[in-house]
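Notes for the one structure printed next.
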Amino acid sequence: MAGALRLVIFAGGHHCPAPSDRLDHQLAKMLQLPSATRTRLGRGQYLVPVDNNPAGQLEQALQDVMAAEVIHDRLSKQSKQHLSFTRLDELAKRAQEQGWIDDKEAEVLRRAEANRLRSINVDEFEADALAVPVPEKKPQSASARASEAA
């Protein structure tokens, strides 16, 4: 039966090969950076960053992270070390204390970090929300304990 269905569905017998990793990487890069292709594919989407619109929030996060990347790169060059692109709020505080950035640039870093974390922590639950309840043990009577001991 499976063979007959395969002949009907794939009459030519040829299967399409999976795309290469190189092609996947090129496509991902095109969609992660502002480009004509990305704009064309996203045309008609509601991208206003409001509380009920995850697509808009992700778009805002992308814009904020790209703005923070310029500041981050400059701070990395100033400190002469590679700084991790995490905890941007703490980086903003340290850089501001050292006089390397002003209040506006510090706010860009803080906003980018907040949006970055919101994008990553999409399935955040309370710690007990996913815990399996442990059944309570009922106290045993004296006769039940005696029978178990025997």
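Worth a mention:
- Secondary-structure-derived ellipticity at 222 nm for the chain, considering helices only, amounts to -18500 deg cm²/dmol, per-run term -39500 (n - 2.57) for DSSP H runs with n ≥ 4.
- Accessible area per residue for the range 1-134 is 79 Å², calculated with a 1.4 Å probe on protein heavy atoms, without ligands, DNA or RNA.
- Spatially close lysines, pair count over the range 1-124: Cα under 23 Å, gap of eight or more or interchain: 5
- Accessible-area ranking of Glu136, Glu126, Glu59, largest first, probe 1.4 Å: Glu136, Glu126, Glu59
- Expressed as a whole percent, the accessible area of the chain that falls on carbon and sulfur atoms is 57 (1.4 Å probe).
- Net dipole in debye of the chain [+1 Lys, Arg Cβ; -1 Asp, Glu Cβ; about Cα centre; nearest 20]: 540 debye
- Label selected from (1) 77, 65, 35; (2) 57, 32, 29; (3) 46, 31, 26, the criterion being Cα extents along the principal axes in Å as computed here: (1)
- For Arg38, net neighbour charge (Lys/Arg +1, Asp/Glu -1) across residues whose Cβ lies under 15 Å away: +2
The values are calculated or read from the model by the stated rules, or taken from the named source; none is laboratory data. This is a predicted model, so every value here is computed, not measured. With ideal geometry, Cβ positions are generated from the backbone for all residues, glycine too; neighbour counts draw on all protein chains shown. For accessibility, only protein heavy atoms count, side chains too; no ligands or nucleic acids. Shrake-Rupley method; radii C 1.70, N 1.55, O 1.52, S 1.80 Å.
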